[in-house]
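Sending over a structure as structure tokens; questions will come in a sec.
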Amino acid sequence: MPHISISMYSGRTEEQKRDIAAKTKQAIVDACGFPPEALSVSVREYDPDVFEASVKQVIADDVLYETSDHIK
């Protein structure tokens, strides 16, 4: 069913990425009531110098609900 894709600067350990994915999944379960087994989460890392351009290519403005200083 739903898939959550996380894009962030590179430099996290595998353990940190797994923790981020698990906590994000739980937040969606809590907020939406989806069963945990219905959700998948991916984490993609980017070097800071290409982050904005790379991530902006795959995120349309009309689906960006929360923005940051890095994605405008």
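Quick note: the coordinates plus some simple rules give every number you see, no bench work behind them. Since this is a predicted model, take the numbers as computed values, not measurements. Using ideal geometry, Cβ is built from the backbone for each residue, glycine included, and neighbour counts are taken over all protein chains shown.
In deg cm²/dmol and to the nearest 500, what is the mean residue ellipticity at 222 nm of the chain if only DSSP H runs of at least 4 residues count, each as -39500 (n - 2.57), divided by the residue total?
Helix-only estimate at 222 nm: -13500 deg cm²/dmol.
Report, ordered by chain and residue number, the aspartates and glutamates lying within cross-link reach of Lys25, taken as a straight Cα distance under 12 Å and ignoring same-chain residues fewer than 8 apart.
Glu37
Ranking His3, His70 by Cβ neighbours within 10 Å, fewest first, what do you get?
Listing His3, His70 from fewest to most nearby Cβ atoms yields His3, His70.
With the Cα gyration tensor of region 3-63 giving a ≥ b ≥ c as the square roots of its eigenvalues, does the rule (a/c under 1.5 for rounded; else a/b larger than b/c for prolate; else oblate) give rounded, prolate or oblate?
Since a/c reaches 1.5 but b/c is at least a/b, the shape of region 3-63 is classed as oblate.
What is the fewest-to-most order of Glu45, Glu14 by other Cβ atoms lying within 10 Å of their Cβ?
By the 10 Å Cβ count, ascending: Glu14, Glu45.
Give me Tyr65, Tyr9 sorted ascending by neighbouring Cβ count inside 10 Å, so fewest comes first.
Tyr65, Tyr9
Using θ = phi - 60° and the Karplus relation 6.51 cos²θ - 1.76 cosθ + 1.60, list the HN-Hα couplings for region 17-31 in order, rounded to whole Hz, with x at every Gly or Pro.
5, 5, 5, 4, 5, 5, 5, 5, 4, 5, 4, 5, 4, 5, 6
While we're on this one: Taking amide H positions as placed in the peptide plane 1.01 Å from N, state which residues far from Val41 in sequence (5 or more) or on other chains have amide H under 5 Å from it.
Ile4
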